[in-house]
1. Going residue by residue through segment 108-118, is there one that turns out to be part of a strand (DSSP E or B), under 16 Å from the mean Cα position of the chain (by Cα) and β-branched (Val, Ile, Thr)?
2. State all residues of segment 79-122 that are within 19 Å of Lys54 (Cα to Cα), small (Gly, Ala, Ser) and at pLDDT 90 or above; if no residue qualifies, say none.
3. Please enumerate the residues belonging to segment 70-99 that are among the aliphatic types (A, V, I, L, M) and under 15 Å from Leu111 (Cβ atoms).
4. Taking Asn56 and the conditions (1) of a type in the set (S, T, N, Q); (2) touching an Asp or Glu at 6+ places or on another chain (Cβ under 8 Å); (3) not assigned by TED's automatic domain parsing to the domain that holds Gly104, which numbered condition does it fall short on, given that it satisfies the others?
5. Out of (1) assigned to a helix (DSSP H, G or I); (2) more than 25 Å from Glu118 (Cβ to Cβ), what's the single condition that is false for Ile2?
6. Can you tell me which residue among Tyr91, Tyr49 is touching a strand residue (DSSP E or B) at 6+ places or on another chain (Cβ under 9 Å) and either farther than 15 Å from Ala119 by Cα or of a type in the set (D, E, K, R) (or both)?
7. Checking the condition at pLDDT 90 or above, among the aromatic types (Phe, Trp, Tyr) and not in a strand (DSSP E or B), which residue from Tyr49, Tyr11 passes?
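The values are calculated or read from the model by the stated rules, or taken from the named source; none is laboratory data. These numbers were taken from a predicted model, which means no experiment stands behind them. As a convention, Cβ positions derive from the backbone with ideal geometry for all residues, glycine included, and neighbour counts pool all protein chains shown.
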Amino acid sequence: MIRQNRANKIYLILFSFISIALIIYFVIKALEKNIDLYLTPTQIISGDYNTLTKFNLGGMVEDGSFQEVGANSPTVTFTVTDFSNSINVIYSGVLPNLFKENSGVVATGYLNENNEFEAIEILAKHDENYMPIELYNDD
């Protein structure tokens, strides 16, 4: 027979472990919905991932690949690379201010039948040395 104070300690330890496990479970479930992962061109070309639905493409904008499709059209094309493979991207819209060649980018969209990525949103990434532009200087 276990003494009452020893049984109370066992119950307290079990309750603590179950509480911690539940807290960890709920934190992971909350983060799972808010995490935003992207695929590289190599992962897309490998065919291991579902590219039939909307997904994020991440990589570097290849140097010399940026082209405007028309003078009056906001459509642009560029190539995203992970330095192993590349994918052409088509985007209609206004590009972010930080967008430039040889810079990181994350695009949200779909693969079309020509294996080109049709982006519906472009996010430009910056490095750790980023300094915001002074918009107004009232000196």
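1. Yes: segment 108-118 contains one or more residues that are part of a strand (DSSP E or B), under 16 Å from the mean Cα position of the chain (by Cα) and β-branched (Val, Ile, Thr).
2. Ser86, Ser92, Ala107, Gly109, Ala119
3. Residues satisfying the conditions are Val80, Ile87, Val89, Ile90.
4. (3)
5. (1)
6. The unique qualifying residue is Tyr49.
7. Numbers: Tyr49 fails: at pLDDT 90 or above.
Answer to the check: Tyr11.
Conditions (1) surrounded by 10 or more Cβ atoms within 10 Å (Cβ to Cβ); (2) in a helix (DSSP H, G or I); (3) in contact (Cβ under 8 Å) with a residue 24 or more places away in the chain, marked per residue:
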site	(1), (2), (3)
Thr53	no, no, yes
Asp63	yes, no, yes
Gly70	no, no, no
Thr77	yes, no, no
Ser84	yes, no, yes
Pro96	yes, no, yes
Phe99	yes, no, yes
